[in-house]
There are 2 protein chains.
Amino acid sequence: MKPKRVKVYAPATIANLCAGFDVLGIALETPGDSVMATRTANKEFRFSVETTFLNIPISIEDNVAAYVSSKMMDELKLPFGIEMVLHKSMPVGSGLGSSGASSVAAAVAVNALLDKPLTKKELLHFAIEGERKASGTAHVDNVAPSLFGGACIVLNEKSLDVVSFPVHNDITWIVIHPHTTIATSDARRILPTTVPLSDVTCQMGNVSGLVLGLIQGDAELIHKCMVDHIAEPVRQSFIPGFIEMKQAAMASGAIGCGISGSGPSVFAVTLARDKAERIAKQMIFALAKAEGIKADIYISQTNCQGAIVTESKDEV
Amino acid sequence: MKPKRVKVYAPATIANLCAGFDVLGIALETPGDSVMATRTANKEFRFSVETTFLNIPISIEDNVAAYVSSKMMDELKLPFGIEMVLHKSMPVGSGLGSSGASSVAAAVAVNALLDKPLTKKELLHFAIEGERKASGTAHVDNVAPSLFGGACIVLNEKSLDVVSFPVHNDITWIVIHPHTTIATSDARRILPTTVPLSDVTCQMGNVSGLVLGLIQGDAELIHKCMVDHIAEPVRQSFIPGFIEMKQAAMASGAIGCGISGSGPSVFAVTLARDKAERIAKQMIFALAKAEGIKADIYISQTNCQGAIVTESKDEV
């Protein structure tokens, strides 16, 4: 007998990680989105959002969690209805994979109500398709880590071929989310369409070394490899206070710093957990000084397990 | 008291490994080159070559082992002379890092005679500079693995920043060396100068996944990731019998197959050691059938330790 009500938590992500442009992402422990899904006797889908953020879409067409759920109900021809509440606890358009976390939370929640659950790869398909439809764009590297946990390498974006690996436990991520937005589609439009071969091999060396550094928790290696020759050079001027935040992070002992996803959030990384708060404070101080913009701070280890069912009830 | 005579073995390498074009290489257990170096009272450098191959240069200017040694003697202002014998047991221009192995063997041998030995990074500098001078070109990814062992990622070709990592023990390499030569400089001239962004991210995903697959010994992951979007598409037609050998290797159970370095050697990889001989035989059969060319076969695990001193004597 499948549960009648489940609650699912899906974590935010940092995609790109400098050298890993479009192929590498990690899951954070916090922030993240939660979804509560209840099976109902009628075949309807009812949806609501609980949030303190103002710009969260609530229609079934526009909200990614709702879209993914209704898509799954349709395609899987579910013999029951679902009442879903999305607890949206992070902003959209932040560069933290916010809509990815919502779509993953919804897919995992609907799956937990099924008699025959889908595989994670099948869930990734729904989460990606949903996000693409609802948000206009979907990048596997900021959705897959929310589902699988750890770090994920995207081997093939079309076939959704992804491999995850564990990140060393000492690694601490600092994310600064400035209270401003930029459009992901704009952030893609300015990317180069071709890359000089010498930059390609630099980036390949860096992303390979970064994978090794994340596995081994090798501060020097991560530091050397968190360099992006493709996106950061053209995107950094679109991220308010980026240069100042990066300087502040590195001066405060971070081993790497870059744009989270396509921004505006900026992440830094350290292997010394006790330095994280100081790094974060220096970054928001630099941002405030340069741009007069306030920001939220998230400090988190890597989430190892990805989206999980946190509550499950047979009766409601 | 430093030894008076040393013998050093330096292994051959497979560079590029498909997705790892110009950034990834591994060291083989066999073949490899040996160098015997003896300290002498006069400050002269004497050099000879023992080999069954016909095209090995023997002058100090042209032979890479001799060039590296005399360069080290000059720059380090050694207070003694060296008599060196190079036992050259693999062909040059093979795509197996043959001159890299000779230059590494020489550098490690001279180093073993020093009162204050250099670091491996300093030795890499001499090996690379020597190979560049003597061979006209030097690529770190086919020299570094011979020195460090395991697999090496080239992080920065100019500053010789390299990181090595252990390859899973189950991995077996098969190398077919056709009895023909191609010039590395020609093999580079046909490379693209820019790469479409979509190919760049494919290659980045593949090289990242390949690093993970080599560490974990994951056959499926290695299989998916041993795909080259940069060099193989333009180089394969220059490698006699390449397409036929690759088809034969994959049909015989190899999990990957590609051009070793810039060829003409072709490598295949398997995690089933007992399949290696059959794969090799099918590859040379395909080569003979397609091109009428004979070939040598090398079957080897990954060399973990790189170049080593195999003999050391205080008196001669």
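The figures follow:
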| quantity | calculated |
| --- | --- |
| Residue match in segment A:120-131 (condition: at pLDDT below 95 and crowded, with 24+ Cβ neighbours inside 10 Å) | yes |
| Hey, B:ALA109 within 30 Å of B:LYS4 (Cα to Cα) and crowded, with 20+ Cβ neighbours inside 10 Å or not | yes |
| Helices (runs of 4 or more DSSP H) contained in segment A:59-165 and holding at least 3 residues hydroxyl-bearing (Ser, Thr, Tyr) and closer than 26 Å to B:THR201 by Cβ | A:98-112 |
| Subset of segment B:132-158 that is charged (D, E, K, R) and farther than 26 Å from A:VAL227 by Cα - its residue that is modelled with the highest pLDDT | B:ARG132 |
| Any chance A:VAL140 is over 30 Å from B:GLY217 (Cβ atoms), β-branched (Val, Ile, Thr) and buried (at least 24 other Cβ atoms within 10 Å of the Cβ) | no |
| Residue match in segment B:277-284 (condition: in contact (Cβ under 8 Å) with a residue 40 or more places away in the chain and farther than 20 Å from B:ASN169 by Cα) | yes |
| Any hit, segment B:55-66, residues being closer than 30 Å to B:ILE230 by Cα, away from chain A (no Cβ under 14 Å) and surrounded by fewer than 24 Cβ atoms within 10 Å (Cβ to Cβ) | no |
| Residue, farthest from the chain's Cα centre (by Cα), within segment A:1-54, restricted to residues that are more than 14 Å from chain B (Cβ to nearest Cβ) and among the aromatic types (Phe, Trp, Tyr) | A:PHE45 |
| Members of segment B:175-223 found to be more than 11 Å from every other protein chain (Cβ to nearest Cβ), open to solvent by less than 60 Å² (accessible area, probe 1.4 Å) and of a type in the set (S, T, N, Q), listed by number | B:THR180, B:THR184 |
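The values are calculated or read from the model by the stated rules, or taken from the named source; none is laboratory data. Given the structure is predicted, the values throughout are model-derived calculations rather than measurements. Neighbour counts run over all protein chains shown; Cβ positions are idealised from the backbone, glycine included. Only protein heavy atoms, including side chains, enter the accessible area calculation; ligands, DNA and RNA are left aside. Shrake-Rupley method; radii C 1.70, N 1.55, O 1.52, S 1.80 Å.
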